[in-house]
Structures are given as structure tokens and as C-alpha cells.
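Below is one structure, written out as C-alpha cells; comments come after it.
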Amino acid sequence: MTDLPDTVLYDVTDSVATVTMNRPEAMNALDTDLKVALRDTLLGAAQDPQVRAVVLTGNGRAFCVGQDLAQHAHNLEADPDAVWSTVPEHYTPIATTLATMPKPVVAAINGAAAGAGAAFSFACDFRIAADTAKLTMAFAAVGLSADSGSSWSLQRLVGLAKAKELLMLPSTLSAGQAFELGLVTEVVPAAQVLDRARELAVRLAAGPTVAYGAIRAALAFSAGHGLEESLEFEHRMMDLTGGTEDHRGAVASFLAKEQPTFKGR
């Protein structure tokens, strides 16, 4: 991937794409440049056949504190259309790509995650948090509703009642509190958060990529459909994964009492 602005850093190693939000001086607040770069970088990673897992993180002391409120305040006066068009143009496609790309995604929450920044982490499959990280659902604190999929993902992580509490009575959660609620997968010392997230992503990148994508799709589908429809969707995903080289190779390895080697196809 070329011609990326420096608001996002991108690296592919061991079939893992590490996507780093890079406005450390602003705690990775989402101005237009960062939103566009993040959207386009994630879309590129989703479509890159060389990428079999993705890590999303932030540079500096924050993961992402959500919308850049200084730019937002300026646009409220100077360019109101830009204020509200950013949801369909930026936030929605970012959250959708994180949640639906056909490969696993790990969030390395290296510091503060607020508003859309927290919501982006909820769209990932796994969330490795630094022990110094803080999470805040800050939308109501500035008189706004929820975006970036947080109304969908948050209640599925913590339940409807707790989601209402977190969204309507926003407070700052420590990494430990977030872990107890099920908002994060694991809490590690801050110096280890990216290494641990990459370790997990490398493990996932060595796995059955098509199957992981199908599992993601099946879970998302069943969240909004009944049993009969969900069973039919599972059937379709079985047809998809049953025809892969990875499945056939894994069966042969099992019969030979060997460890399978997955190629992601």
C-alpha cells in the first residue's frame, strides 16, 4: 500500500497488517485526514490477500479519543454539512470494515479510548488493553447519540442494561473494570500491549482465514436473525469453508496424526 498520509502508519509482517493511528500530539483524535486515511487503509488491508489478520492501535499515550472536537466546533459554524456527513462517509465504513472484513482483527488498546475510538475497538474480535488504558463512551457527554456501531456492539458485549448505563451516564472505566465487564479480552502491562496483540494476530494469521471470516459473518448474521435463518446461513458458510484447501488439508493432517498447516485458502 502506497501514498498513505502520515496520519496512519501501515506495516505488514508475518501476514499481519498493523494499522496505527498517528496523531499522538492530539491523542489520535479523529480529524478528517485521519478518518479518511484510516477508512482507506482498513479497506486496503481487508482486500489484501497477503494480509490474514489485522492489528489496530494508536501511537503515543492514547488509542483514540474519538472525534477531534476542535475541528468539529469549527465545522459547526463554517461547514455544517461536513459535521454530519462524516458519519456515513467515515465512521460507518470504518466500523463496518473492522467488523466485517473476512479476517480477524485485534485491537491493541495502548491508552485512552473514547467515543468512536472505543467503538472501533468494540468492532474488533479481540481487545488487548494496556493496564493504563481508560475507556469512555463519551457521546452523551457532548450531547450526541452513539455512532461507529457502538449501539450494536456495546449491548452485545455487556448486555442492554449496562450498554444504556455506559452510553447515557458516561464514565471512565479502568482497564480492569473494562475486563470485568467483558469489554476487553485481556489486560497486560502497557509496555507489552502491542507485542501481545501482535502475538495473538500472528497466531490467527497462521490459522484457517476463510473459516475465521465465515465465523465472523455467521455471528453477525445470527445477531439479527432467527434460528431457522441462522441455521441456513451456517449451512452456506459450511459449504464455503468445506471447499477450502485448508479444510481438506486439516482433515488429512488429522488422519495422519500431524499438525495442520493452514494457507488461508
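The values are calculated or read from the model by the stated rules, or taken from the named source; none is laboratory data. On a predicted model such as this, the values are computed, not experimentally measured, just so you know. All Cβ positions, even for glycine, are placed from backbone atoms using ideal geometry, and neighbour counts span all protein chains on display.
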Just give me the residues in segment 83-114 being modelled with pLDDT of 95 or more, of a type in the set (Gly, Ala, Ser) and either assigned to a strand (DSSP E or B) or more than 10 Å from GLY149 (Cα to Cα) (or both), in sequence order. ALA107, ALA108, GLY111, ALA112, ALA113, ALA114
Kindly provide the set of residues from segment 126-151 that are in contact with a Gly (Cβ under 9 Å, 6 or more places away or on another chain) and either in a helix (DSSP H, G or I) or outside the structural domain of ALA112 (by TED's automatic domain parsing) (or both), ordered by number. ALA141, VAL142, SER150
For segment 172-183, indicate whether the set of residues that are closer than 19 Å to VAL55 by Cα, over 18 Å from the mean Cα position of the chain (by Cα) and surrounded by 17 or more Cβ atoms within 10 Å (Cβ to Cβ) is non-empty. no
Looking only at residues in segment 9-37 that are within 19 Å of PHE126 (Cα to Cα) and under 16 Å from the mean Cα position of the chain (by Cα), which one is surrounded by the most Cβ atoms within 10 Å (Cβ to Cβ)? MET21
Need pairs with beta-carbon distance below 6 Å; first residue within 10 Å of VAL16 (Cα to Cα) and within segment 201-214, second polar (S, T, N, Q); sequence gap 6+ or separate chains. ALA205/SER15
Filter segment 208-243 for residues that are under 25 Å from GLN50 (Cβ atoms), at pLDDT 95 or above and in a loop (DSSP other than H, G, I, E, B) and give the result. PRO208
Among the residues of segment 244-265, which ones are of a type in the set (A, V, I, L, M, F, W, C), closer than 19 Å to PRO102 by Cβ and part of a helix (DSSP H, G or I)? ALA250
Looking only at segment 123-147, count how many residues are over 26 Å from SER85 (Cα atoms) and hydrophobic (A, V, I, L, M, F, W, C). 5
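Has segment 64-84 got any residue that is under 23 Å from GLN192 (Cα atoms) and either buried (at least 19 other Cβ atoms within 10 Å of the Cβ) or not aliphatic (A, V, I, L, M) (or both)?
Within segment 64-84, one or more residues are under 23 Å from GLN192 (Cα atoms) and either buried (at least 19 other Cβ atoms within 10 Å of the Cβ) or not aliphatic (A, V, I, L, M) (or both).
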The listed residue being under 16 Å from the mean Cα position of the chain (by Cα) and outside the structural domain of GLY143 (by TED's automatic domain parsing), out of ALA223, ALA217: ALA217
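Out of THR96, THR100, I need the residue that is closer than 17 Å to ALA119 by Cα, β-branched (Val, Ile, Thr) and exposed (fewer than 15 other Cβ atoms within 10 Å of the Cβ). Which one?
Numbers: THR96 fails: exposed (fewer than 15 other Cβ atoms within 10 Å of the Cβ).
Among THR96, THR100, only THR100 is closer than 17 Å to ALA119 by Cα, β-branched (Val, Ile, Thr) and exposed (fewer than 15 other Cβ atoms within 10 Å of the Cβ).
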Restricting attention to segment 121-150, the residues that are modelled with pLDDT under 95 and surrounded by fewer than 17 Cβ atoms within 10 Å (Cβ to Cβ) number exactly 6
